[in-house]
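Participant: One structure, pasted below without further comment.
The values are calculated or read from the model by the stated rules, or taken from the named source; none is laboratory data. Fair warning: this is a prediction, and the values are worked out from it, not measured in the lab. Neighbour counts run over all protein chains shown; Cβ positions are idealised from the backbone, glycine included.
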């Protein structure tokens, strides 16, 4: 029997009508799939309801994959593929497998020789990099910085040095309610002429993107509280 495919379907980055940012081709593909893996079932079902309103929710077979998922549960999620059915993996926001536990499911699919198909959609990391004006030829995404103030300061200094040595853009995310604290610490610990960029609420009506020197940031009035954001900086020699 020929295996089914694991489709990696993007979600919106916020409360946006799906077809404003999700290609129509994905809607058509998902309309023929009945097996889904969501990060949260409620959010995943709402996305499918909004994107594909003609799908009968009761016909869907749904499993959830998050940081609490055990390795043995991943096998069950891919079982439909081994029986010739397609499975769609959808995270809460953006592209699955990037800063997302879905990467473990994708890795297992490759081990089992199951075809993996990434689908086009919004990625906050790439959108932020595109709009930053910083080096898009060489960049590194580090996820979250340490929470403890001293360790965070050390990490910021370390990544600034790496940025300078390799002319490499450094990108980070933070839990939205700690965004203001992170930006404050970046402006306190980066050198004054390092270029710092913030992109928040990407693809939303409230989208806000700004790139300037650290010294300029100190005079900017901002409020990033509970607004999904990507932070990036580049230190030139």
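Participant: In the stretch 113-121, is there at least one residue being out of contact with any strand residue (DSSP E or B) (no Cβ under 7 Å at 6 or more places or on another chain) and free of Cβ contacts under 8 Å to residues at least 40 places away in the same chain?
Facilitator: no
Okay, residues lined up against (1) in contact with a helix residue (DSSP H, G or I) (Cβ under 9 Å, 6 or more places away or on another chain); (2) farther than 30 Å from residue 17 by Cα; (3) not in a helix (DSSP H, G or I):
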residue: 105; (1), (2), (3): yes, no, no
residue: 127; (1), (2), (3): no, no, no
residue: 156; (1), (2), (3): yes, yes, no
residue: 165; (1), (2), (3): no, yes, no
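Participant: Any idea which residue in the stretch 196-221 is nearest to residue 163 (Cα to Cα), counting only those that are touching a residue at least 24 places away in the same chain (Cβ under 8 Å) and over 23 Å from the mean Cα position of the chain (by Cα)? Don't jump to the end; show me each part of the working.
Facilitator: Residues of the stretch 196-221 touching a residue at least 24 places away in the same chain (Cβ under 8 Å): 196-204, 209, 211, 214, 217-218.
Next cut, over 23 Å from the mean Cα position of the chain (by Cα) only: 214, 217-218.
On the way: 214: 15, 217: 19, 218: 21 Å.
Within the stretch 196-221, the match that is nearest to residue 163 (Cα to Cα) is 214.
Participant: Scan the stretch 145-161 and give yes if some residue there is touching a residue at least 12 places away in the same chain (Cβ under 8 Å) and within 27 Å of residue 12 (Cβ to Cβ), otherwise no.
Facilitator: yes
Participant: Restricting to the stretch 162-185, count the residues that are in contact (Cβ under 8 Å) with a residue 60 or more places away in the chain and under 11 Å from residue 144 (Cα atoms).
Facilitator: Counting residues in the stretch 162-185 that are in contact (Cβ under 8 Å) with a residue 60 or more places away in the chain and under 11 Å from residue 144 (Cα atoms) gives 3.
Participant: Please list, ordered by first then second residue, the pairs with beta carbon atoms under 6 Å, 6 or more apart or interchain, first in the stretch 72-92 and outside the structural domain of residue 41 (by TED's automatic domain parsing), second in a loop (DSSP other than H, G, I, E, B).
Facilitator: The qualifying pairs do not exist here.
Participant: Being crowded, with 18+ Cβ neighbours inside 10 Å and assigned by TED's automatic domain parsing to the domain that holds residue 176 narrows it down to one of 212, 200, so name that one.
Facilitator: Going through 212, 200 in turn, the sole match is 200.
Participant: I've got another one for you. Looking at the stretch 69-85, is at least one residue modelled with pLDDT under 95 and assigned to a loop (DSSP other than H, G, I, E, B)?
Facilitator: yes
Participant: Let me ask something additional. Which condition number does residue 169 fail, the rest of (1) more than 26 Å from residue 88 (Cβ to Cβ); (2) out of contact with any strand residue (DSSP E or B) (no Cβ under 8 Å at 6 or more places or on another chain); (3) surrounded by 18 or more Cβ atoms within 10 Å (Cβ to Cβ) being met?
Facilitator: Here residue 169 meets the rest and fails (2).
Participant: Going through the stretch 191-207 one residue at a time, which ones are touching a strand residue (DSSP E or B) at 6+ places or on another chain (Cβ under 7 Å) and part of a loop (DSSP other than H, G, I, E, B)?
Facilitator: If we filter the stretch 191-207 for residues that are touching a strand residue (DSSP E or B) at 6+ places or on another chain (Cβ under 7 Å), which is where we start, we get 192-201.
Across the stretch 191-207, the qualifying residues are 192, 193, 194, 201.
Participant: From the list 46, 6, 24, which one is within 19 Å of residue 98 (Cβ to Cβ) and either surrounded by fewer than 18 Cβ atoms within 10 Å (Cβ to Cβ) or in contact (Cβ under 8 Å) with a residue 12 or more places away in the chain (or both)? Let's see the steps before the verdict.
Facilitator: Details: 46 fails: within 19 Å of residue 98 (Cβ to Cβ); 24 fails: within 19 Å of residue 98 (Cβ to Cβ).
One residue alone meets the criteria, 6.
Participant: On to the next question. Which condition breaks for residue 96 when tested against (1) assigned by TED's automatic domain parsing to the domain that holds residue 66; (2) farther than 23 Å from residue 29 by Cα?
Facilitator: Of (1) assigned by TED's automatic domain parsing to the domain that holds residue 66; (2) farther than 23 Å from residue 29 by Cα, only one is false for residue 96: (2).
Participant: Right, here's the next one. Can you find a residue that is assigned to a helix (DSSP H, G or I) and in contact with a helix residue (DSSP H, G or I) (Cβ under 6 Å, 6 or more places away or on another chain) anywhere in the stretch 4-12?
Facilitator: No, the stretch 4-12 contains no residue that is assigned to a helix (DSSP H, G or I) and in contact with a helix residue (DSSP H, G or I) (Cβ under 6 Å, 6 or more places away or on another chain).
Participant: If residue 63 passes every condition in (1) closer than 29 Å to residue 128 by Cβ; (2) touching a helix residue (DSSP H, G or I) at 6+ places or on another chain (Cβ under 8 Å); (3) crowded, with 18+ Cβ neighbours inside 10 Å; (4) free of Cβ contacts under 8 Å to residues at least 60 places away in the same chain but one, which one does it miss?
Facilitator: Unmet for residue 63, out of (1) closer than 29 Å to residue 128 by Cβ; (2) touching a helix residue (DSSP H, G or I) at 6+ places or on another chain (Cβ under 8 Å); (3) crowded, with 18+ Cβ neighbours inside 10 Å; (4) free of Cβ contacts under 8 Å to residues at least 60 places away in the same chain: (1).
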